[in-house]
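The values are calculated or read from the model by the stated rules, or taken from the named source; none is laboratory data. Keep in mind that what you see is a predicted model, and the values were worked out from it rather than measured. Ideal geometry is used to build each Cβ from the backbone, glycine not excepted, and the neighbour counts take in all protein chains shown. Surface areas here come from the heavy atoms of the whole protein model, side chains and all, with no ligands, DNA or RNA. Shrake-Rupley method; radii C 1.70, N 1.55, O 1.52, S 1.80 Å.
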Amino acid sequence: TFREGHEYLASSALFFPNGERMLTAAVDNSVRIWNVARGTELKRLEHTGRSAAVALSPDGKWILTGSDRVSLAEGALWSAKLWRVDSEDDKPILELKHIDAKDKTHTAEVTAVAFSPDGKLLFTGDGKGYGHLWRLEIAADGKASASYVLRLKGHTRGQRIVSARFHPNGKRVLTASTDNSVAQWD
């Protein structure tokens, strides 16, 4: 039992591949990494979004989360954040945001995130039912970059995507929404 840590409801929990650590995400706008055997907190990531959207890369080296709202001259923008698990500081390595005249990435909170099985694609879904795909590249020196691939439209506008998972072959994404549907994206 982890009795200390989050201030509010922890609504997501994932084990690292080796089973020795676990991460939790909560509506208190944080993600925590825990030593499972000792029940102690190892690391805290702040400003990860109140929807507790979190994903762990298949190799256990990266965490993808939502984020706080960012205000810009063009209006409000929400983004996702990529974190390196072994980073000495508790700052995100990369913020996923794409601003286009026709297509601002997220104009609602990021409510679902996922890594593809090979860790090369990222999915971010939001509170208005839109999904976005990103291509993740990790350089030999460990620096990360992401390029925007495309926007997925299909869930009823205004209904949040609550969960997202890549198919094991990495060629499809399944999303579940509060519009009472599950969508399969090729």
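The residues of the range 14-23 that are open to solvent by less than 10 Å² (accessible area, probe 1.4 Å) and assigned to a strand (DSSP E or B) amount to a single one, Leu23. Out of curiosity, is Ser67 part of a loop (DSSP other than H, G, I, E, B), open to solvent by less than 40 Å² (accessible area, probe 1.4 Å) and among the small types (Gly, Ala, Ser)? Against the criterion (part of a loop (DSSP other than H, G, I, E, B), open to solvent by less than 40 Å² (accessible area, probe 1.4 Å) and among the small types (Gly, Ala, Ser)), Ser67 qualifies.
Within the range 78-95, residues that are in a loop (DSSP other than H, G, I, E, B) sit with their Cβ atoms under 6 Å from residues that are open to solvent by 50 Å² or more (accessible area, probe 1.4 Å), at 6+ positions apart or across chains, in these pairs: Ser79/Glu95; Ser79/Lys97; Val85/Lys61; Ile93/Arg84. How about the range 133-186: which of its residues are surrounded by 12 or more Cβ atoms within 10 Å (Cβ to Cβ), β-branched (Val, Ile, Thr) and closer than 24 Å to Ala25 by Cβ? Matches in the range 133-186: Ile138, Ile161, Val162, Val173, Thr175, Thr178. Entry remark, the range 28-54: residues being in a loop (DSSP other than H, G, I, E, B) and either more than 21 Å from Leu82 (Cβ to Cβ) or more than 15 Å from the chain's Cα centre (by Cα) (or both) number 5 in total.
In the condition set (1) under 15 Å from the mean Cα position of the chain (by Cα); (2) part of a strand (DSSP E or B); (3) under 23 Å from Ala146 (Cα atoms); (4) at pLDDT below 90, Ser11 is compliant with all but (3). For the range 130-143, the candidate set comprises residues that are within 15 Å of the chain's Cα centre (by Cα) and not charged (D, E, K, R); within that set, the residue that is farthest from Ala53 (Cα to Cα) is Leu136. In this structure, Leu122 does not satisfy being outside any loop (DSSP other than H, G, I, E, B), under 17 Å from Thr24 (Cα atoms) and either at pLDDT 95 or above or in contact with a Leu (Cβ under 6 Å, 6 or more places away or on another chain) (or both). Of the residues making up the range 24-46, those that are out of contact with any strand residue (DSSP E or B) (no Cβ under 8 Å at 6 or more places or on another chain) and open to solvent by 30 Å² or more (accessible area, probe 1.4 Å) are Ala37, Arg38.
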